[in-house]
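In what follows, a single structure is set out as structure tokens and then discussed.
The values are calculated or read from the model by the stated rules, or taken from the named source; none is laboratory data. Since this is a predicted model, take the numbers as computed values, not measurements. Cβ coordinates were reconstructed from backbone atoms using ideal geometry, including for glycine residues, and neighbour counts include every protein chain displayed.
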Amino acid sequence: MATVKKQFLNHNKLDKVFRVICVSAALLICLILAGVLVQLLYYALPAVKRFGFNFLVSSNWDPVNHIYGALPAITGTLLTTAIALLIAVPVSFIVAMYLVESASPYVSAPIGFALDLLAAVPSIIYGMWGLFVFIPFMQKLVRIMTGITFNGYGFLTSGIILALMILPFICAIMRDVFKMVPPVLKEAAFGAGATSWEVTCDINMKYGAGGLLGAIFLGLGRAVGETMAVLFVVGNIQAVPRSLLSSGTTIAATLANNFSEAEGILKSVLFELGLILLLISLAIQIVAQLWLNRVRKQMGEK
Amino acid sequence: MKRRGILFRKTLNTAVKFCSIFCVAAAVATLVWILYTVFRSGLQALSWSFFVEPTKPYGIEGGGIANALLGTLFITVGAVILSVPPGLLGGIYLSEFDRDSKLSRTIRFSANVMMGIPSILCGLFVYALLVYNTKHFSGLAGSLALAVIMFPVVLRTSEDMLRMVPNSLRESALALGTPRWIAVFTIVCRAARNGLLTGVLLAIARVGGETAPLLFTALWSDDWPFSFFSEPTANLTVTINEYATNSPFEVMHTRAWGAALIICIAILALNIFCRSILNYKRGN
Amino acid sequence: MKRMLIAGLAATAAMSSPSTSAATLNGAGASFPAPVYRIWTYNYKQASGAKVNYQSVGSGAGINQIKSKTVDFGASDKPLKKVELDQAGLIQFPMLMGGVVIVVNVPGIANNQLKLDGKTLADIFGGKIKKWNDPTIMKLNPGIKLPAMPVTVVHRSDGSGTTWIFTTYLSQVSSVWEKQVGSGKAVKWPVGIGGQKNPGIANNVKKIPGSIGYIEYTYAVESKIPTVQLKNKAGKFVKPNLNSFQAAGANADWKNAPGYYMVLTDKPGAATWPITGVTYILIHKEQRDIAKAKTLLKYFDWCYKEGAAVAARLQYVPIPKPVVEMVEKNWTREISANGKKVWQP
């Protein structure tokens, strides 16, 4: 018996080692997340010390005198994201409703496929298309519709392109939410004489409110951090939005534009901007995940 | 429900239906518009020399994107090597060892949050970690930045795929006396290998088109990417960025479209391929 | 499995070896001379086998990178003052001269048709002239029909030596500009939208009707964007071309310029182009590796001698021979590696 035992590896120990390796790999995720946060904080500290809270509300971007303010970038991010959501959320809602309630499978399958393709297109393609095709189109469109001479660059253009990018994501999640509504509820409403639209409004939306909100938050998260598509078309000046057609910047675009040449306090300023962006998207992601977890629990229970 | 006339409700319903058809048509039309633009502008640039010659500066005849293609390949392979082992092992942990505890819920939550972080911040992270301290850009830093983005994706999809393996397989392996770690690799992973592969391919498709993280880490170059660990490395996406925005010359724009076309086709093909495998699995 | 491992290791070894024939030199900086630098690095590789890599990231980034030693040489259109050079342990020398030109996108206006002068230019970029049919512009251009379009100013959104050359000129010709904005690699532009590097402005001007911008001459010619005639210090309207750039550099006093710091804007002379500039190379006085330092200086020597033809073809003015000799004597004096002199005459 003793000789037989010696031939085997000590699998108990190996199993324990294996478990430790796997736990470490999994914990690496938390480590990286914490690491990004800590590192941005560390490098942003000089800028935080120099500019303090004023940084968040100042729009004075003066590279010659080394004075910087984040207001243009922050308001630019907020405005482009708001425009993107205002366009994408209702459209996704209507499209999701149509695909789940009204369309025949022969229609909804290829359209679902097309939406998935739209989600897969890399962001730099959106940027190039935006720069070379969409900007001249917007110049003409605005001139025809309002007579204003528009140079094509600005928040409106960026917002529309962002809306295109987040639409497939929001739509896909909304479709899943609508599909999860128990048919018995919908059929009861139809039986009582409700139209498709009323069923969607009163039944689907109320039942799937959590999931819908989660979808909106996920789209919001994607829009807030998008860099390349916005960089090409937003105009790249440090200016607070004056109108939909004015040019400006976003946090991500400011980072991409200035990082390679930044020195001294500007580098720290950029890290602080990155920190602000990280905090915003962390907040959005955490809220979205909490919502969706709650929704999944509800759906699971019911 | 408010009491409204039947005519009003029916009209509203039809109006919304028209609206929805219009929205769907607009979304599909935009996709077609974008793809059409990419194809029409990009096809002009494609030729045999486009694929075999390296990038050349403006003013020199010829020039293609061969070194950028190779560079993207190296960087992506590097990202896979860096992210798949920890992602897979982490997924194994969440699926085999610890499905539902505070720790695993925290890990899952962190992974989901990490997936939503803007990619430019991942590039910033690796810049500060590697480039700033070693004082040079490199393809390795680029791979690391992409790996940071891929890691949570691989982790979550591995976990989901491994969970789908029926418990009976695990139990029968353990009943035969197989040590846990051998059972996981030879039985469970093998059973889920299609799904695991699909997860990795989806992660690759996710980072294939990323530009912002590479801007701070790998930069780009006109050279062949053989000094991967110590020099800026040519890659497709940053080259497109260079040609489209850092060059006002028409011929460079055309080359940018050509490169864009290649990326678009590759990523869309990957997506379609993965989706068909997943649908097949679900159907099964 | 074993074969895959061996193949993998071999591939890694191949990828991690630096170029075997000669060290790769890395440089970064101004986009102003980038078209020439790129061709030079390509031709030099064909001629000698040594690889030189130039990233056009803007003068500001170039200065940063050479200061923090992430590259072997930096390139900037804004020269550093002697104090700053000594502090950072750098020397700088001029590589090329070129012209910053004004480009416009106005329907009906052809190349070199529009005439402007310094003060009007400052007022346009300062936001005081808002439409193209403004009386000031019309007075300078009798007989040309100017539309009532709003003017869109396009400037740089990154730190740029080209901006420094241009704003130095504007500060010289307009006291209002000097007081309100000043000169620098990046300034607080009163109006306009931003483009990244020279190509960024070129792209934007091309796309926006009614826009005006400032770029290096080659970019304007090769992208076929209409340029503008300017009134120089002598009161004559000149067209931007190699001759007018050369005229600006003709009387430059290089001997008495510490660190070769030279401003060529608004120079006298009937044929002078008023917004001419010099672009510089920056390298460290103390080099770490003598072989690499020798290759670096050999490359620049090649650029001065063999590269002049390419530069002229792209409408840049090569540095005159007497200045080149001065520069190379300075190399012998100033540059050393581990105590040994690098450049032997």
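Among strands (runs of 3 or more DSSP E) lying entirely in the stretch C:142-261, which contain 1 or more residues that are within 14 Å of chain B (Cβ to nearest Cβ)?
Values: elements: C:152-156, C:193-195, C:211-216, C:229-231.
Qualifying strands (runs of 3 or more DSSP E): C:152-156, C:193-195, C:211-216.
Please state which one of A:Gly219, A:Gly208, A:Gly235 is in contact with a strand residue (DSSP E or B) (Cβ under 9 Å, 6 or more places away or on another chain) and in contact (Cβ under 8 Å) with a residue 12 or more places away in the chain. Walk me through how you get there before you give the answer.
Values: A:Gly219 fails: in contact with a strand residue (DSSP E or B) (Cβ under 9 Å, 6 or more places away or on another chain); A:Gly208 fails: in contact with a strand residue (DSSP E or B) (Cβ under 9 Å, 6 or more places away or on another chain).
Residue meeting the stated conditions: A:Gly235.
Filtering the stretch B:118-141 to residues that are of a type in the set (A, V, I, L, M, F, W, C) and assigned to a helix (DSSP H, G or I) leaves B:Ile120, B:Leu121, B:Cys122, B:Leu124, B:Phe125, B:Val126, B:Ala128, B:Leu129, B:Leu130, B:Val131, B:Leu140, B:Ala141. Considering (1) surrounded by 20 or more Cβ atoms within 10 Å (Cβ to Cβ); (2) within 21 Å of C:Ser56 (Cβ to Cβ), the lone condition that C:Trp343 does not fulfil carries the number (2). Does C:Thr279 meet the test of being among the β-branched types (Val, Ile, Thr), part of a helix (DSSP H, G or I) and buried (at least 22 other Cβ atoms within 10 Å of the Cβ)? No; evaluated as a whole, the condition is false for this residue. Looking at the stretch C:251-267, which of its residues are without any contact (Cβ under 8 Å) to a residue 60 or more places away in the chain and either surrounded by fewer than 16 Cβ atoms within 10 Å (Cβ to Cβ) or farther than 20 Å from C:Phe166 by Cβ (or both)? Residues satisfying the conditions are C:Asn251, C:Asp253, C:Asn256, C:Ala257.
Would the stretch C:70-92 turn up any residue that is within 12 Å of chain B (Cβ to nearest Cβ), surrounded by fewer than 19 Cβ atoms within 10 Å (Cβ to Cβ), within 19 Å of B:Ser221 (Cα to Cα) and out of contact with any helix residue (DSSP H, G or I) (no Cβ under 9 Å at 6 or more places or on another chain)? No; the residues of the stretch C:70-92 include none that is within 12 Å of chain B (Cβ to nearest Cβ), surrounded by fewer than 19 Cβ atoms within 10 Å (Cβ to Cβ), within 19 Å of B:Ser221 (Cα to Cα) and out of contact with any helix residue (DSSP H, G or I) (no Cβ under 9 Å at 6 or more places or on another chain). Only one entry of C:Phe166, C:Phe237 meets the criterion of being under 19 Å from the mean Cα position of the chain (by Cα), of a type in the set (A, V, I, L, M, F, W, C) and at pLDDT 90 or above, and that entry is C:Phe166.
Does any residue of the stretch A:192-209 turn out to be within 19 Å of A:Met97 (Cβ to Cβ), in a helix (DSSP H, G or I), out of contact with any Asp or Glu (no Cβ under 6 Å at 6 or more places or on another chain) and aromatic (Phe, Trp, Tyr)? Yes, the conditions are met somewhere in the stretch A:192-209. Residue under question is A:Ala96, and the condition is that it be at pLDDT 90 or above, among the aliphatic types (A, V, I, L, M) and buried (at least 18 other Cβ atoms within 10 Å of the Cβ); does it hold? No; evaluated as a whole, the condition is false for this residue.
The residue list B:Leu89, B:Leu82, B:Leu94 contains one member that is at the interface with chain A (Cβ under 8 Å from one of its Cβ atoms), within 21 Å of the chain's Cα centre (by Cα) and over 30 Å from C:Ala311 (Cα atoms), which is B:Leu89. Looking at this structure, is C:Asn133 farther than 23 Å from A:Gly235 by Cβ and within 14 Å of another protein chain (Cβ to nearest Cβ)? So C:Asn133 passes the test. Restricting A:Val269, A:Val287, A:Val240 to those that are of a type outside the set (D, E, K, R), more than 10 Å from every other protein chain (Cβ to nearest Cβ) and in a loop (DSSP other than H, G, I, E, B) reduces the list to A:Val240.
Looking only at the stretch B:172-182, decide whether some residue is within 30 Å of B:Ala45 (Cβ to Cβ), surrounded by fewer than 21 Cβ atoms within 10 Å (Cβ to Cβ) and of a type in the set (Phe, Trp, Tyr).
Step one: of the stretch B:172-182, the residues within 30 Å of B:Ala45 (Cβ to Cβ) are none.
No: the stretch B:172-182 contains no residue that is within 30 Å of B:Ala45 (Cβ to Cβ), surrounded by fewer than 21 Cβ atoms within 10 Å (Cβ to Cβ) and of a type in the set (Phe, Trp, Tyr).
For the stretch A:165-184, filtered to residues that are in a helix (DSSP H, G or I) and either in contact with a Phe, Trp or Tyr (Cβ under 7 Å, 6 or more places away or on another chain) or not assigned by TED's automatic domain parsing to the domain that holds A:Ala119 (or both), the residue that is surrounded by the fewest Cβ atoms within 10 Å (Cβ to Cβ) is A:Met165.
Residue count for the stretch A:65-79 satisfying the condition of being assigned to a helix (DSSP H, G or I) and farther than 12 Å from A:Asn236 by Cα: 6.
For A:Ile124, the requirement of being surrounded by fewer than 24 Cβ atoms within 10 Å (Cβ to Cβ) and within 13 Å of chain B (Cβ to nearest Cβ) is not met.
Tell me which residues, restricted to the stretch B:100-117, are of a type outside the set (A, V, I, L, M, F, W, C) and either touching a residue at least 60 places away in the same chain (Cβ under 8 Å) or part of a helix (DSSP H, G or I) (or both). Walk me through it before giving the result.
If we filter the stretch B:100-117 for residues that are of a type outside the set (A, V, I, L, M, F, W, C), which is where we start, we get B:100-102, B:104-106, B:108, B:110, B:112, B:116.
Matches in the stretch B:100-117: B:Lys102, B:Ser104, B:Arg105, B:Thr106, B:Arg108, B:Ser110, B:Asn112.
Would you confirm, using the coordinates I've provided, whether A:Ala256 is more than 11 Å from chain B (Cβ to nearest Cβ), out of contact with any strand residue (DSSP E or B) (no Cβ under 7 Å at 6 or more places or on another chain) and not polar (S, T, N, Q)? Spelling it out, it is not the case that A:Ala256 is more than 11 Å from chain B (Cβ to nearest Cβ), out of contact with any strand residue (DSSP E or B) (no Cβ under 7 Å at 6 or more places or on another chain) and not polar (S, T, N, Q).
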